1. On a full-extension model of 0.36 nm per residue, what is the gain between GLN45 and GLU94, subtracting their alpha-carbon distance, rounded to one decimal in nm?
2. Which percentage, to the nearest 5, of the DSSP beta bridges contained in the stretch 66-157 is antiparallel?
3. Per the chain: cysteines with no other Cys C-beta under 4.7 angstrom?
4. Using a simple charge model, +1 on the beta-carbon of Lys and Arg, -1 on the beta-carbon of Asp and Glu, nothing else, what dipole does the chain show about its Cα centre, in debye to the nearest 20?
5. What does DSSP give for the chain in terms of the percent of beta bridges that are antiparallel, rounded to the nearest 5?
6. Please report the projected area of the stretch 57-157's Cα convex hull averaged over all directions, in nm².
7. Is there a quick way to get the dipole size of the stretch 71-155? I mean about its Cα centre, with the Cβ of Lys and Arg at +1 and of Asp and Glu at -1; what is the value in debye to the nearest 20?
8. Under 20 Å Cα-Cα from LYS86, which aspartates and glutamates qualify once same-chain neighbours fewer than 8 residues away are excluded?
Amino acid sequence: MNYDDKNKVMIGDKGQHLLEALILAQHDSGDNSLSEGKLEDISGQLDIPLSRVLEVTTFYSLLSTTPRGHNIIQLCDSPICITSGKHNITELFEEALGIQVGETTPDGMFTLEQTSCIGACDVSPAALINGVAIGNLDKSKIDAILCKYREEAENDG
Ligand code: FES
């Protein structure tokens, strides 16, 4: 189901489905972000004030108005992960990707971000990778994750 089809389904229950519409639009954007025009479009289609659409967009860390890479790595920056070695994990990702937190690799494959607790404290340090929580991060796991995504990109052509 594409974004436009989904919108037709949401007409009767617009407020409840705003977040879903934003996620779908971001997914279909091609740069993992929501442009001003797209937010205005959603606002109009769901008859929800643009200010409310912007409020929801900026509240959720999975949404962004800034163009991002194909894969989004969000490192948990909350206390339990920090005490479990999050800073070391950040350095390992930055070194492996050649970018700093908040940046996107030149090939557009990865964006590195921070987020608050993702509910995976029992396996800290943890991160969300494309929305999936991955814990017990260490150098070998990071290398394996990045290798997997690079191989997938190569196979996709
Ligand atoms: S503090 Fe990192 S997942 Fe909860």
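1. 13.7 nm
2. Details: 7 of 13 bridges.
Here the share of antiparallel DSSP bridges comes out near 55 percent.
3. CYS117, CYS121, CYS147
4. 360
5. Given both bridge residues lie in the chain, the antiparallel proportion sits at roughly 55 percent.
6. Working: hull surface 25.0 nm².
Taking the Cα atoms of the stretch 57-157, their convex hull projects to 6.3 nm² on average.
7. The calculated dipole for the stretch 71-155 is roughly 220 debye.
8. Candidates past the 8-residue exclusion: ASP77, GLU94, GLU95, GLU103, GLU113, ASP122, ASP138, ASP143.
A short reminder: the numbers here are calculations on the coordinates, not readings from a lab. Because the structure is a prediction, the values reported are computed rather than measured. Cβ coordinates were reconstructed from backbone atoms using ideal geometry, including for glycine residues, and neighbour counts include every protein chain displayed.
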